[in-house]
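Notes for the one structure printed next.
Any read-out appearing in this document is the output of simple, stated calculations on the displayed coordinates, not a laboratory observation. Just so we're clear, the structure is a prediction, and the values are computed from it rather than from any experiment. Using ideal geometry, Cβ is built from the backbone for each residue, glycine included, and neighbour counts are taken over all protein chains shown.
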Amino acid sequence: MFSKEAKATAHEPAAAPTARPSNGNGTAAQSIISRDLKIKGDLICNGDIQIDGEVEGDVQSRSITIGEGADVRGSISSDTIRVCGSVNGQVKGQSVVLAKTAKLVGDVVHQTLAVEPGAFFEGQCRRINGTQS
């Protein structure tokens with residue numbers, strides 16, 4: 001039986017294609033980590049990532065959405081971040097939204113931060129200037 005778990009070592013990044021399919025206008029297509037996928041290793045993407053599964057490692061992208069059933073253990077860095085699931089680690093982005101279903105244990109570094117009623121947040125938040133990332 002095949003396992004849907006992708007592993008990475010210190011010298012080998014998590015499995016990722018070397019070329020991203022284009023969405024027709026020259027930009028990278030959205031990458032989706034499905035609910036039944038577990039990844040151990042860092043994820044780096046130039047486009048958008050939606051995580052619905054489990055990630056143990058750092059995630060860096062242009063736009064990141066953490067789905068309701070998702071579990072991320074590592075830092076997240078992006079221009080725009082929407083957390084609906086569970087994150088244990090630092091979140092750093094220009095625009096950060098913690099949805100009512102979010103559970104975040106870690107610090108938030110942001111330019112704008114929105115926390116919906118019902119969201120769980122344990123950590124510190126620090127605002128950055130628009131010129132920093």
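What are the trypsin sites (Lys or Arg not before Pro) within segment 35-133 that DSSP puts in a loop, where the Cβ has at most 12 other Cβ atoms within 10 Å? Walk me through the numbers before you get to the answer.
Numbers: sites: ARG35, LYS38, LYS40, ARG62, ARG73, ARG82, LYS92, LYS100, LYS103, ARG126, ARG127; in loops: ARG35, ARG62, LYS100.
Those satisfying the criteria are LYS100.
Annotation: segment 28-122 has a Kirkwood hydrodynamic radius of 12.6 angstrom, from the mean reciprocal C-alpha pair distance. If you bin all the Cα-Cα distances of segment 91-133 at 10 Å, starting from zero, the percentages per bin are 32, 55, 12, 0.
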